Amino acid sequence: MSFVYDKLLGGKSGAIGLLVLSVIILIVFPMLLDGFRLNLVGKYLTYAFAAISLVLLWGYGGTLSLGQGIFFGLGGYGMAMFLKLEASSPENTAIQSTPGIPDFMDWNQITALPWFWEPFSSFGFTLLAILVLPALFAYFIGVAMFKRRVGGVYFAIITQVIAVILTVLIVGQQGYTGGINGITDLRTLNGWDITSDSAKYLFYYINCGLLIGVILLSRFILTSKFGRLLLAIRDKEDRVRFSGYDVANFKIFIFCFAAFVSALGGAMFTLQVGFMSPSFVGIVPSIEMVIFAAVGGRMSLIGVVYGTLLINFGKTTFSESFPELWLFLMGGTFIAVVMFFPNGLAGLWSQYSPDIIKKIRSTFGMANPELPLSSPGLKETNS
C-alpha cells in the first residue's frame, strides 16, 4: 500500500491532484461538452503526452528537446498507415488504376505497395512499431549525442534540425507518405467505424485512461532512485559522473522513454482526429509542446496537462476571431511565463494555494484554519 501511495500516487498531494484531474477529464468534460467539443478536448489531451515527456526530459533531466514532434508524428503515422491500408482494400479502391494500394500512391503512379508498408497490414505489428520504432530512433539519436557529451542548446538545435529533415522527407516523398496532405480518409479499425460518435467517445475515454497511466508510470520513475539520479545529473552532472555513474546511459533512457510517451500520444491523435500530416512533425508543433510544458510547469506531470488544455483552448478561441494574431499571442505567452512565473501554473498553485485554502476555511468556519496545508492540486513531489 505504501508503494502505491508514495511511488505511484506521489503521496497525499499527488493523489488528490490526480483525482481532481481524473474527475475533470472523465466526468466534468463529458457532462458539460457536446460530442464535437469533447472530441476537441480529446485532441488536446493527445498533446499532453508530449508535454509529459518534456517534464521527464526537460524538467527533471535538464535536456531540452525541440523535436518531440518527431516522435509524436512517428506514432501518428504508424497508426495512420494501418488504418489507410484497411481503407484501401481492393473493394474500396476498385476504381483506381492499381486497386489495393492507398489512393495517393495510385495518383503518383506507384503500382505496388512499398515493402515498408506491408508489415503495417497487421494490427499487432502496428502497435509494436508505434511503441518501439520511435524509442529505437531516439536511442540512435541519444547514443550519437549523449555519448559525445552533446547537450544544452546544441542538443536542442540538433533535434530541431532532425524535425525539419523529417518534415522535408515526408513532404518530398509524396508517393509513399501522402506528402503535404498527409494520410487522410481513415474510416475503420478492424472493420469498426471510427468516424461514429460512439467511437469518438470510446477513444476519448481510452485516451484519458492512457494519459493517467502514463502519469502514474512517470511518477514511479521519478520517485525511484533513477529519478533522484536524474535530478542530480540535471543539477551537478560532473559530480554524478565522478561518482561512477554513466550519465550518458541515464540520458539515453529518459530520452527513449520520452519518445515512447510522445509516440503514444501521436497514435491516439490519429485515432481521435482521423488523419496525420507533416504539420504535426516539424518545428512549430515541437515548440508548441515546449510552451505547453512551460505554461503548465515543467516539473509537474499534472500541471502540464492543465497547461496543454489552457493553451489549446486559447488557441481555438482566439484563432477563430484573430487568426493573424494567434502566433504573436503564443510567443508572448511563452516569454511572459519564462520571465514572470518560470514554474508555470504548478508554481503559482504551490505558492498561493495555502493562503487561498486558509481563506476558504476561515470564510466557511472550518476548524483550524491556521494549520499548515499541503497543496493538493498541481504540485509534484520530488522525493
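The values are calculated or read from the model by the stated rules, or taken from the named source; none is laboratory data. Quantities reported herein were computed from a predicted structural model and do not represent experimental measurements. Cβ placement follows ideal geometry from the backbone for every residue including glycine, while neighbour counts extend to all protein chains displayed.
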Open item on the list: Condition check: within 20 Å of Asp246 (Cα to Cα) and in contact (Cβ under 8 Å) with a residue 40 or more places away in the chain. Does Gly142 satisfy that?
Closed with: yes
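Quick check: anything in the stretch 304-327 over 18 Å from Leu66 (Cβ atoms) and touching a Lys or Arg at 6+ places or on another chain (Cβ under 7 Å)? It would help to see each step written out before you state the result.
Narrowing the stretch 304-327 to residues over 18 Å from Leu66 (Cβ atoms): 305-306, 309-310, 312-326.
Narrowing the set further to residues that are touching a Lys or Arg at 6+ places or on another chain (Cβ under 7 Å) leaves 326.
Looking through the stretch 304-327, at least one residue is over 18 Å from Leu66 (Cβ atoms) and touching a Lys or Arg at 6+ places or on another chain (Cβ under 7 Å).
Looking for whichever is within 30 Å of Phe82 (Cβ to Cβ), small (Gly, Ala, Ser) and in contact (Cβ under 8 Å) with a residue 60 or more places away in the chain here; the options are Ala258, Ala248. Which one fits? Give the steps one after another, and end with the answer.
Numbers: Ala248 fails: within 30 Å of Phe82 (Cβ to Cβ).
Just a single option satisfies the conditions, and that option is Ala258.
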TODO: Could you tell me which residue of the stretch 270-297 is surrounded by the fewest Cβ atoms within 10 Å (Cβ to Cβ), considering only residues that are outside any helix (DSSP H, G or I) and not small (Gly, Ala, Ser)?
DONE: Phe275
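Just a yes or no: is a residue in the stretch 309-318 more than 26 Å from Val161 (Cα to Cα) and surrounded by 20 or more Cβ atoms within 10 Å (Cβ to Cβ)?
So the first thing to find is which residues in the stretch 309-318 are more than 26 Å from Val161 (Cα to Cα), and the list is 309-310, 313-314, 316-318.
Filter once more, keeping what is surrounded by 20 or more Cβ atoms within 10 Å (Cβ to Cβ): 309.
Within the stretch 309-318, one or more residues are more than 26 Å from Val161 (Cα to Cα) and surrounded by 20 or more Cβ atoms within 10 Å (Cβ to Cβ).
I'd like to verify a number: residues in the stretch 83-106 that are out of contact with any strand residue (DSSP E or B) (no Cβ under 6 Å at 6 or more places or on another chain), assigned to a helix (DSSP H, G or I) and either without any contact (Cβ under 8 Å) to a residue 60 or more places away in the chain or basic (Lys, Arg) (or both), how many? Steps first, answer last, please.
Step one: of the stretch 83-106, the residues out of contact with any strand residue (DSSP E or B) (no Cβ under 6 Å at 6 or more places or on another chain) are 83, 85, 87-106.
From the residues that got through so far, the ones that are assigned to a helix (DSSP H, G or I) too are 83, 85, 87, 103-106.
Within this subset, residues satisfying the condition of being either without any contact (Cβ under 8 Å) to a residue 60 or more places away in the chain or basic (Lys, Arg) (or both) are 85, 106.
Of the residues in the stretch 83-106, 2 are out of contact with any strand residue (DSSP E or B) (no Cβ under 6 Å at 6 or more places or on another chain), assigned to a helix (DSSP H, G or I) and either without any contact (Cβ under 8 Å) to a residue 60 or more places away in the chain or basic (Lys, Arg) (or both).
Please pick out the residue among Ala129, Ala94 that is more than 30 Å from Pro342 (Cβ to Cβ) and modelled with pLDDT of 95 or more.
Working: Ala94 fails: modelled with pLDDT of 95 or more.
The conditions single out Ala129.
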TODO: All but one of (1) in a helix (DSSP H, G or I); (2) surrounded by 18 or more Cβ atoms within 10 Å (Cβ to Cβ) hold for Leu66, so report the exception by its number.
DONE: (1)
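Could you please give the count of residues in the stretch 108-126 that are outside any loop (DSSP other than H, G, I, E, B), in contact (Cβ under 8 Å) with a residue 40 or more places away in the chain and among the hydrophobic types (A, V, I, L, M, F, W, C)? Full working, then the answer.
The first filter runs over the stretch 108-126 and keeps only residues outside any loop (DSSP other than H, G, I, E, B), leaving 118-121, 123-126.
Now restrict to residues that are in contact (Cβ under 8 Å) with a residue 40 or more places away in the chain: 120, 123, 126.
Next, only the ones that are among the hydrophobic types (A, V, I, L, M, F, W, C) stay: 120, 123.
Number of matching residues: 2.
In the stretch 168-195, what residues are of a type in the set (Val, Ile, Thr) and closer than 15 Å to Phe104 by Cβ?
Here is the first cut: in the stretch 168-195, the residues of a type in the set (Val, Ile, Thr) are 168, 170-171, 177, 180, 183-184, 188, 194-195.
Once the filter is applied, which keeps residues that are of a type in the set (Val, Ile, Thr) and closer than 15 Å to Phe104 by Cβ, the stretch 168-195 yields Ile170, Val171, Thr177, Ile180, Ile183, Thr184.
Just one of Tyr77, Tyr5 is loosely packed, with under 15 Cβ neighbours inside 10 Å, of a type in the set (Ser, Thr, Tyr) and either in contact with a strand residue (DSSP E or B) (Cβ under 8 Å, 6 or more places away or on another chain) or modelled with pLDDT under 90 (or both); which is it? Can you show your working first?
Working: Tyr77 fails: loosely packed, with under 15 Cβ neighbours inside 10 Å.
Selected residue: Tyr5, the only one of Tyr77, Tyr5 that is loosely packed, with under 15 Cβ neighbours inside 10 Å, of a type in the set (Ser, Thr, Tyr) and either in contact with a strand residue (DSSP E or B) (Cβ under 8 Å, 6 or more places away or on another chain) or modelled with pLDDT under 90 (or both).
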- [ ] Look at the stretch 26-61 and say how many of its residues are buried (at least 18 other Cβ atoms within 10 Å of the Cβ) and either under 23 Å from Thr223 (Cβ atoms) or without any contact (Cβ under 8 Å) to a residue 60 or more places away in the chain (or both).
- [x] 15
Task: Condition met for Thr184 (within 25 Å of Val284 (Cβ to Cβ) and in contact (Cβ under 8 Å) with a residue 60 or more places away in the chain) - done: yes
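I need the full set of residues from the stretch 182-204 which are surrounded by 14 or more Cβ atoms within 10 Å (Cβ to Cβ) and part of a helix (DSSP H, G or I), in order please. So that I can check it myself, show each step before the final result.
Kept after step one, since they are surrounded by 14 or more Cβ atoms within 10 Å (Cβ to Cβ), are these residues of the stretch 182-204: 182-189, 194, 199-204.
Scanning the stretch 182-204 gives Ala199, Lys200, Tyr201, Leu202, Phe203, Tyr204.
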TODO: Could you list all residues from the stretch 154-178 that are closer than 17 Å to Met276 by Cα, surrounded by 15 or more Cβ atoms within 10 Å (Cβ to Cβ) and among the polar types (S, T, N, Q)?
DONE: Thr167, Gln174, Thr177
TODO: Please tell me if Ala267 is in contact (Cβ under 8 Å) with a residue 24 or more places away in the chain, crowded, with 22+ Cβ neighbours inside 10 Å and either part of a helix (DSSP H, G or I) or not basic (Lys, Arg) (or both).
DONE: yes
